[in-house]
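Asker: Below: one structure in C-alpha cells.
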Amino acid sequence: MEIKGYNVMTGAFGTLHFDGNPIVEVEEVSVDVEIQRGDIQINLDVDAKMTGTKGSGSFKVKHVYTRYLKKWLDAYKKGHDVRSVLSVAINDPDSPGGQRERVNIGNVWFNKLQMAGFNKSEVVGREFEFGFTVSDSDIAEGVY
C-alpha cells in the first residue's frame, strides 16, 4: 500500500459538534483515553494489569460567543452536573477513498470553565477541559 502526501489529513477540515450544534469557532481539539494499570509481579518481572480506563480532553475556541457559559454556570450553581455529547470529525476531501473520521464522545463533563480573560496583544480565546466515560465513546467513522 502506498500513500501520497496529499492523503494525510489536515486539521483545516476538522469540525466539532457540541450536543448536535456546530462549534464553528473551534481552533483545536484533543481527546485521549488513558489506560489505568496496576503492577503485577511475577517472579522478578513486573507486568501490568488493566484496571480501568479514563477519558479526558480539551478544545480551544476563538472567543466569538458566550454561549453555553451562562447555561453551565447556572446549572452548576444549582448543584446540577451538566453532561453533553461531543462529535469530532475530519472530513478532508483528499483522504483515501474520500472517507472521513468521526469520533463521538458521550457523557462529557467539564472540569474547568474559563469565564473571562484576555491579553491586549492577542486574539482572545477560551479553552475547555473535559472528562468522559470511555464506554460512552465510539469511532463512528474511520478511514480504512
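The values are calculated or read from the model by the stated rules, or taken from the named source; none is laboratory data. Everything numeric here is computed off the predicted structure, so don't read it as measured data. Note: ideal-geometry Cβ built from the backbone for every residue, glycine included; neighbour counts use all protein chains shown. Quick note on the areas: whole protein, heavy atoms, side chains included, nothing else; ligands and nucleic acids left out. Shrake-Rupley method; radii C 1.70, N 1.55, O 1.52, S 1.80 Å.
Asker: Of the numbered conditions (1) open to solvent by less than 50 Å² (accessible area, probe 1.4 Å); (2) over 19 Å from residue 19 (Cα atoms); (3) under 21 Å from the mean Cα position of the chain (by Cα); (4) not aromatic (Phe, Trp, Tyr), residue 53 fails exactly one; give the number of that condition.
Answerer: Single failed check for residue 53: (1).
Asker: Tally up the residues in the stretch 63-90 that are outside any helix (DSSP H, G or I), at pLDDT below 95 and not hydrophobic (A, V, I, L, M, F, W, C), please.
Answerer: Final tally of qualifying residues: 5.
Asker: Same structure again: Just give me the residues in the stretch 16-62 being over 24 Å from residue 134 (Cα atoms) and part of a loop (DSSP other than H, G, I, E, B), in sequence order.
Answerer: 24, 25, 43, 44
Asker: Does any residue of the stretch 120-131 turn out to be touching a residue at least 12 places away in the same chain (Cβ under 8 Å), polar (S, T, N, Q) and over 23 Å from residue 22 (Cβ atoms)?
Answerer: To start, the set of residues in the stretch 120-131 that are touching a residue at least 12 places away in the same chain (Cβ under 8 Å) comprises 123-131.
The next check asks that each one be polar (S, T, N, Q); those that pass are none.
The answer is no, given that none of the residues of the stretch 120-131 is touching a residue at least 12 places away in the same chain (Cβ under 8 Å), polar (S, T, N, Q) and over 23 Å from residue 22 (Cβ atoms).
Asker: Looking only at residues in the stretch 101-128 that are among the polar types (S, T, N, Q) and open to solvent by less than 80 Å² (accessible area, probe 1.4 Å), which one is nearest to the chain's Cα centre (by Cα)? Even if it seems obvious, please write down each step before you answer.
Answerer: Step one: of the stretch 101-128, the residues among the polar types (S, T, N, Q) are 104, 107, 111, 114, 119, 121.
Now narrow it down to the ones that are open to solvent by less than 80 Å² (accessible area, probe 1.4 Å): 104, 107, 114, 119.
Details: 104: 9, 107: 12, 114: 17, 119: 25 Å.
Among them, the one singled out is 104.
Asker: Moving on to the next point. Could you look through the stretch 1-34, keep only residues that are open to solvent by less than 70 Å² (accessible area, probe 1.4 Å) and more than 22 Å from residue 72 (Cβ to Cβ), and pick out the one that is farthest from the chain's Cα centre (by Cα)?
Answerer: The extreme case among them is 5.
Asker: Regarding residue 143, is this residue among the β-branched types (Val, Ile, Thr), open to solvent by less than 70 Å² (accessible area, probe 1.4 Å) and in contact with a Ser or Thr (Cβ under 6 Å, 6 or more places away or on another chain)?
Answerer: Criteria met by residue 143.
Asker: Can you confirm whether residue 98 is open to solvent by less than 30 Å² (accessible area, probe 1.4 Å), of a type outside the set (Ser, Thr, Tyr) and either at negative phi or out of contact with any Gly (no Cβ under 8 Å at 6 or more places or on another chain) (or both)?
Answerer: On the way: open to solvent by less than 30 Å² (accessible area, probe 1.4 Å): no; of a type outside the set (Ser, Thr, Tyr): yes; either at negative phi or out of contact with any Gly (no Cβ under 8 Å at 6 or more places or on another chain) (or both): yes.
No.
Asker: Among the numbered criteria (1) under 18 Å from residue 23 (Cβ atoms); (2) assigned to a strand (DSSP E or B), which one does residue 107 miss?
Answerer: The single condition residue 107 does not satisfy is (1).
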